[in-house]
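**Student:** Before anything else, here's the structure in question.
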Amino acid sequence: MILQALVEHYEDLLERGAISRPGWGKTKVSFGLNIDINGEVIGVFSLMVPQIIGKKSKNVPRVIEVPQPVKRSVDIAPNFLCDNSTYILGADEKGKADRTRQCYNACKEFHSDLLKNAGTDPAKAIIHYFGRWDPESARENQHLAECWKELMAGANILFYYDGHPVLEDFQIRECWQKYYDNAGSGNKGMCMVTGRNASIALLHPAVKGVRGGQATGTSLVSFNAPAFCSYEKEQGNNAPISEYAAFAYTTALNELLSDKERCRTIGDSTVVCWAEGGNTVYQDVGIAAMFGIDETGGITDQDLSLIMSKIQKGEPIRVQEEWLEPQKHFYILGLAPNVARLSVRFFLSDIFGDIMRHIDEHYERLKIVRPSYDPFPILPYWKLMSETVNKNAKNKSPSPQMAADTLKAILDGGRYPVSLLNGVMLRIKAEREVTRGRAAIIKAYYLRNKNKDCPEEVLKVELNEECKNVPYTLGRLFAVLEHIQQEGNPGINATIKDKYFNTAASTPAQIFPVLVNLAQKHLRKLSDRSKIYFNKQIGELSEIIGEEYPRRLNLPEQGSFQLGYYCQTQKRYQKKEEEKNE
């Protein structure tokens, strides 16, 4: 299903003229090797371009469409027109002179054979170059001296003739296309992706751009040990995929991964998305909905709200001069590195309207009273993940599997993973802090993953003063007792929360009698009016709790306690804000 969707995406992009046709691929090129009609090197120039990385500008290789690069492991296999110094110059600093000589000779033979029938000047210049170039004297060449270090580091070099890329020559391109079209493995079979009888690919092109993956590229489909093979079949014959389909799915995936504005990382997973038809506006809206509008350009909060409203009603809407159709199929793929291969964290295929509806339902579940200092009207996905991470840790990435499982639950409307709740509970216990994000996760989790010990009456956006749930009321009472302590001791650095919060949330009977008695001592420092106000609150909440405090609270009941504490605390701050504004 994944490969079929990617092949279809490739064909959509090809129809739009937005991707390389079979036999061609985009690669990073650092230098141009300029030669004349006699094959003499007359210059080497940089093709690097500036790119903003973080807050700094850095020169990076230019991405150019070249003849499809081969996938190399230990074999000697030259690329056409564009390769590294080992093949093009016959020079490197790896200390393997014999292998370097073999690589150069293979490149020389390959180009001479492919271009022998081409009569244009650029083709003749390349043949003359390989006829006269002496790899032994490469280091002494004045044109190579200035960039020798970069060339030896493995930078790709592209042939230029008289200041122009040889790729502009029609006959050279035709020679390559003819070679590529006839270069099949010769092993015919039924392709599992297209269903057509075609030449089967033994090795698939590399996938580049997955965070944490190998710089030279990683395989999505490969077989490199007998344990992975069956019936004595070798490599790609174990899962027959045609050379066309292998090229198409890897080219489409590489195109998606190279578009950094529409590519996101969660944990160790790189997430890409695309829509049927290849229209990028679906990606823009999908990324904004999933990860927040702060990371996208061109779509505002108001735009996203209108789009979500229209899409959920099944109505098309015009965005960025394109029509957004709710019935379009939309795909989301999460990939993680796994040694020399890629691991599929999740893959989701659904109509665009349903995915947007699931995301909107998730945001509705997350709604909870918002502190005045909180800048987020809607809690984005990355913010939720940060609530499960130790803020003092060097590595602030969330658990990879938990992050992937949570995103999948959001997108398909499924149950949230238990690991999400556990991550939040661990942070609350460690830091004794119930933030808006943590309270929102607890609320959303129990709204979707129903549990009778954390009922809907405690899962409200704001404080539910009519709620009779005992754990929720205990949380409220703890917030009131903390408030009394703060009023009686202005400027206090540590409150009862810092010492007793976890005990109060798990074993109330053990600590609440002590805290209530302590509160009476703090009340003596307050005015009569304040005493009456707080004693009334304590009395009303104690009446709901009853004569005995619960001995233990289970995990869902602890969630109720934490929500009660958070909402009661925010109610107090809201009242202060209102009084300040009056």
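Bear in mind that the values in this text are calculations on the coordinates, not laboratory data. Bear in mind the structure is a predicted one, so any value in this text is a computation, not a measurement. So basically every Cβ, Gly included, is an ideal-geometry build from the backbone, and we count neighbours across all protein chains shown.
**Student:** Hey, what angle do you get for helix 280-291 against the long axis of the chain, alpha-carbon based, 0 to 90 degrees rounded to 10?
**Tutor:** Computed tilt is about 40 degrees.
**Student:** Give the value in nm², to one decimal: projected area of the alpha carbon convex hull of the chain, averaged over all directions.
**Tutor:** 34.9
**Student:** Find which of Ser57, Ile126, Gln68 sits farthest along the positive direction of the dipole of region 44-151, computed with +1 on the beta-carbon of Lys and Arg, -1 on that of Asp and Glu, about the Cα centre.
**Tutor:** Ser57
**Student:** Under a plain spin-label model, where a point goes 7 Å from the Cα along Cα-to-Cβ, how far apart in nm are Ala106 and Gln520?
**Tutor:** It is 8.8 nm.
**Student:** Name the residue farthest towards the positive end of the dipole of the chain from the options Val44, Cys263, Leu151, assuming +1 on Cβ of Lys and Arg, -1 on Cβ of Asp and Glu, about the Cα centre.
**Tutor:** Projecting each Cα onto the dipole axis, the largest value belongs to Cys263.
**Student:** Between Rg and the Kirkwood Rh of region 288-400, both from Cα atoms, what is the Rg to Rh ratio?
**Tutor:** 1.01
**Student:** What net charge do the residues around Leu114 carry, taking every other residue with its C-beta under 12 Å from that of Leu114, with Lys and Arg at +1 and Asp and Glu at -1?
**Tutor:** Summing Lys/Arg as +1 and Asp/Glu as -1 gives +1.
**Student:** Stokes-Einstein D for region 195-299 at 37 °C, 0.692 mPa s, Kirkwood Rh over Cα pairs, in µm²/s?
**Tutor:** Using the Kirkwood radius from Cα pairs, D works out to 208 µm²/s.
**Student:** Could you pull out the GluC sites (Glu not before Pro) across region 143-250 that fall in loop regions by DSSP (anything but H, G, I, E, B) with no more than 16 other Cβ atoms inside 10 Å?
**Tutor:** Passing both the DSSP loop test and the Cβ count: Glu146, Glu232, Glu234.
**Student:** What angle do you read, to the nearest 10 degrees and between 0 and 90, between the alpha-carbon axis of helix 528-545 and the longest principal axis of the chain?
**Tutor:** Approximately 70 degrees, to the nearest 10.
**Student:** Glu11 to Val49: extension gain in nm, 0.36 nm per residue of separation minus the Cα-Cα distance?
**Tutor:** Fully extending the segment from Glu11 to Val49 adds 10.7 nm.
**Student:** Additional query: Over the chain, what is the percentage of antiparallel beta bridges among all DSSP beta bridges, to the nearest 5?
**Tutor:** Counting only bridges with both partners in the chain, antiparallel ones make up about 90 percent.
**Student:** Tell me, what is the percent relative contact order of the chain, built from C-alpha pairs under 8 Å that lie six or more residues apart?
**Tutor:** It rounds to 10 percent for the chain.
**Student:** Under a Cβ-only charge scheme (Lys and Arg +1, Asp and Glu -1), can you give me the dipole magnitude of the chain about the Cα centre, in debye to the nearest 20?
**Tutor:** 2320
**Student:** Separate question: What is the distance, in nm, between label points placed 7 Å from the Cα along the Cα-to-Cβ direction at Glu65 and at Glu261?
**Tutor:** Rounded to a tenth, the inter-label distance reads 2.0 nm.
**Student:** Which is farthest toward the positive dipole end of the chain among Ser397, Leu553, Met190, measuring Cα position about the Cα centre, with Cβ charges +1 (Lys, Arg) and -1 (Asp, Glu)?
**Tutor:** Leu553
**Student:** Between Asp374 and Thr194, what length in nm is gained on full extension when 0.36 nm per residue of separation is reduced by their alpha carbon distance?
**Tutor:** 59.7 nm
**Student:** Now for a separate question. Quick one: helix 352-366 against the long Cα principal axis of the chain, what's the angle to the nearest 10°, folded into 0 to 90?
**Tutor:** Helix 352-366 and the main axis of the chain meet at about 30 degrees.
**Student:** Roughly how many debye, to the nearest 20, is the charge dipole of region 302-397 about its Cα centre, given +1 on each Lys and Arg Cβ, -1 on each Asp and Glu Cβ, and no other charges?
**Tutor:** 560
**Student:** Could you tell me what fraction of 2.2 N^0.38 Å the Cα radius of gyration of region 43-129 comes to, as a two-decimal ratio?
**Tutor:** So region 43-129 has a normalised radius of gyration of 1.32.
**Student:** Something else about it: Taking region 233-276, which trypsin sites (Lys or Arg not before Pro) meet the DSSP loop condition and have no more than 15 other C-beta atoms within 10 Å?
**Tutor:** Those satisfying the criteria are Lys233.
**Student:** Separate question: When the convex hull of the Cα atoms of region 464-567 is projected onto a plane and the area is averaged over all directions, what value comes out in nm²?
**Tutor:** Convex hull of Cα atoms, orientation-averaged projection: 6.2 nm².
**Student:** Whose amide H sits under 5 Å from the amide H of Gly154, counting only residues 5 or more places off or on another chain, with H placed in the peptide plane?
**Tutor:** Here the answer is Ser85, since their amide H atoms fall under 5 Å of that of Gly154.
**Student:** In addition: Figure the gain on full extension for Phe347 and Asn141 (residue separation times 0.36 nm, minus the Cα-Cα span) and round it to one decimal in nm.
**Tutor:** Fully extending the segment from Phe347 to Asn141 adds 69.0 nm.
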